[in-house]
1. Just need the relative contact order of the chain here, percent rounded to a whole number, with Cα pairs under 8 Å and 6+ apart.
2. Please calculate how many Å² of accessible area the chain carries per residue, with a 1.4 Å probe and no DNA, RNA or ligand atoms counted.
3. Dividing the alpha-carbon Rg of the chain by 2.2 N^0.38 Å yields what?
4. Please turn the phi angles of the range 280-295 into ³J(HN,Hα) values with the Karplus equation 6.51 cos²θ - 1.76 cosθ + 1.60 (θ = phi - 60°), one per residue in order, whole Hz, x for glycine and proline.
5. Below 26 Å, Cα to Cα, which lysines can Lys626 reach? Residues fewer than 8 away in the same chain don't count.
6. Report, in degrees rounded to the nearest 10, the 0 to 90 angle that the Cα long axis of helix 576-588 makes with the longest principal axis of the chain.
7. Based on the alpha-carbon set only, what is the convex hull volume of the range 508-643 divided per residue, in Å³?
8. Using only Cα atoms, figure out Rg for the range 191-248 and give it as a multiple of 2.2 N^0.38 Å.
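The values are calculated or read from the model by the stated rules, or taken from the named source; none is laboratory data. Fair warning: this is a prediction, and the values are worked out from it, not measured in the lab. Ideal geometry is used to build each Cβ from the backbone, glycine not excepted, and the neighbour counts take in all protein chains shown. Please note that ligands, DNA and RNA were not included when accessible areas were found on the heavy atoms of the full protein model with its side chains. Shrake-Rupley method; radii C 1.70, N 1.55, O 1.52, S 1.80 Å.
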Amino acid sequence: MVTAIRMSDVNEMGLDDVLSTAPPALPAEEAAALALELFGAEGTATAVGSERDQTFVLGGPRPAVMKISNEAEDPARLDMEARAAFHALAADPGLAVATPWAALRTDPSRGPAAYRASIPSATGGVHQVRMYARMPGTASVDESTLSDAAVSAWGETAARLGRALRGFFDPGASRAVFWDPQHALALRPLVSAVADHRMRALIERTLDRYEAVVVPGWSTLRHQVIHGDLCADNMLVDDDGVITGIIDFGDMSFTALVVDLAAVIESLVSGRSGDEVLRVARMAMDGFERVLPLEPGERAILGELVAARSCAASILPSWRSSMYEDPEAFAAQYHEDAFELLKLFDEMGFEDVARRLGGREPGTMVAFDDLVGRRANVLGSALTGLSYAQPLHIVRGEGPWLFDHEDRRYLDAYNNVPVVGHCHPRVTGAIARQARVLNTNMRYLHATVLDLAERLVATTEGELDTVMFVNSGSEANDLAWRIAIAATGNSGGLCTAYAYHGVSETTTWLSPEAWSKGARPDHVETWRPPDAYRGLHMDPSEFPSAIARLAERGHAPAVAILDGVLTSDGILDLDPEYVTACVDALHRAGGLWIADEVQGGHGRTGDAMWSYQRLGIAPDFVTIGKPMGNGHPVAAVITRSDIVDRFAETTDYFSTFGGNPVSTAAASAVLDVIEDERLLNNAREVGTYLLARLLEVKADHPIIGDVRGMGLACGVEIVTDPASKQPDAGAAERIINGLRQHGVLVGTTGAADNTLKVRPPLVFGRAEADLLVETLRDVLTGG
């Protein structure tokens, strides 16, 4: 019962005296007379609901709202409210913020104090009186009937007000407002005031959850002065439910910014149930994030903050109800909605609430075994298998590291896609910023795509002058093929013996790695690249012979395509003279050369931006993808305008998503990071160091037949014995699974699948190289 709570205990809690003091109770006639005397507002006064003050609406020629403050209210805090309202309006003139009138016969030099007048209270204290212009709209709103547009607009208004108050501070804001969730635990002594035992139990469980989950991370949240109670009672709305006035700053305090969003959500879900509660919450969050994106820590605890406000919405009115004429009715008006929300969250579980509000990492909170089964059921049998004998469930990445669902970290020495490291903040920030502003297509002018195209052309340092944007390396190679056929009139293609260049029909023809047995296409011929380890195919005549074989089948070459580090062929380091001879032979036969830089480009070799540049050739096409957006889908063809002009004579080209502003922002950020972090230098220096360390391991382990590479593209060939040099794919498979068990990820490559493929992000450092090498040594020695 309320009577069991001693006032001394309440005072020790730091509870604002305003909440423990009865509100004013002036008759309407007296209020009207005061309005005329103090502010010159003439009209009939009509009382409206107020929790701790007394509020009247004034009719007459200048409609107004008069607030008579509780006698326990500190006048300095009222002055803070006035300053905050004027500050917010100056920062965002479009905000519908109510600002006070100056009282009659007051000295403007008093500053914010000029916007209030004093009257004696019935108990010998003092009430402060303030007057506001009556703003358009109504305070009578059923939140459960608001449209989705209105819900989103409420969230947006909360963010705008938070942004407008960002630079505001007043010492009075350092106060304990018990609607503020940061003081939720201080309400524990008052829980006994809640008569319903079911509600008390829900509140206790909610506060336990708050103490365990929210309190430890509270100091990491963004803090500032906020409104503190953006609920329906403090808003005016139009006929569509859109906010037309923010009318009460009485609960202002210095606290977490996200608290205002929690207040909005708690108000908006009133009267709603089940899934609708979470849906409406997400709509309000969307509106908020149109102005201020939420930080992960804020999103993660938003459910707990909404629940904490619901606890206060039951505890405080239950405790204060004895101060009102009809205490049961006063408490009941707050109790029912709070009970339903806490019950819903309790039954659902706060972890599920967080997941459904986007507060958990994507892909988490699911059973590992369920994922394996679901993958098999829904993604089909044609999808390539999972990596490693024990599949990985990766949920996040950072730099050269990946983390699984149990937060175990793995050194990623496998994946060339995150060229500047997983989730680089420069790239993710560029994507988010552009996505919040605009994403459209290249039928409209946009500077970002032009800036990127000019930068890419500059990196080629040759005659290439035209960039055509697509979405993947496969599309880039497919488009280059189409252009080459149109430009040359030829129909044949050449690629290395175990190349991979894409997944489209055209690029699959140029990818022997993907051919099924006996499926060699008639118009494509392969050549075997030099195998310096075994001394095979070193003669550059291998390439002209392939051209001749094409001719025998009636195909002159349109293109030859080469990955400059021959990733799928086993990571081979080519002699520039050899490649130059091949390019010359192709041009004499009327074909065009495609330098496929999807795997070897963006600085991987450390010698230059593109792997073809270290070979000293001048390709007709450069195709890029994968690392271009650090994982964001963006790719391009860089070529010459004279070649494109011949293609344009018969057709034109357009891709809905190719060159869109978000993708090009990501690609530009990648180039920035490569330059700013000097990643070409890093690839060269760390790559040289890594190669030397791998050679040390080779000297001790005959199973390693050869170590080769350039920059941060290394191949470690596993053989049965050094004399026969026979590939040992089984041993290679065991090694990569052993490395995986020890937290290091590499793959295998080559026609025999016996070469360890070491291809880490370019942020790989010497420490990571040492870890990789020592882990490999442990695996090879059975550690």
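1. 10
2. The answer is 41 Å² per residue.
3. 1.26
4. 5, 4, 5, 5, 5, 4, 4, x, 4, 6, 5, 10, 10, x, 6, 7
5. Lys757
6. Once rounded, one gets 80 degrees.
7. Per residue, the Cα convex hull of the range 508-643 comes to 127 Å³.
8. Ratio of Rg to 2.2 N^0.38 Å for the range 191-248: 1.66.
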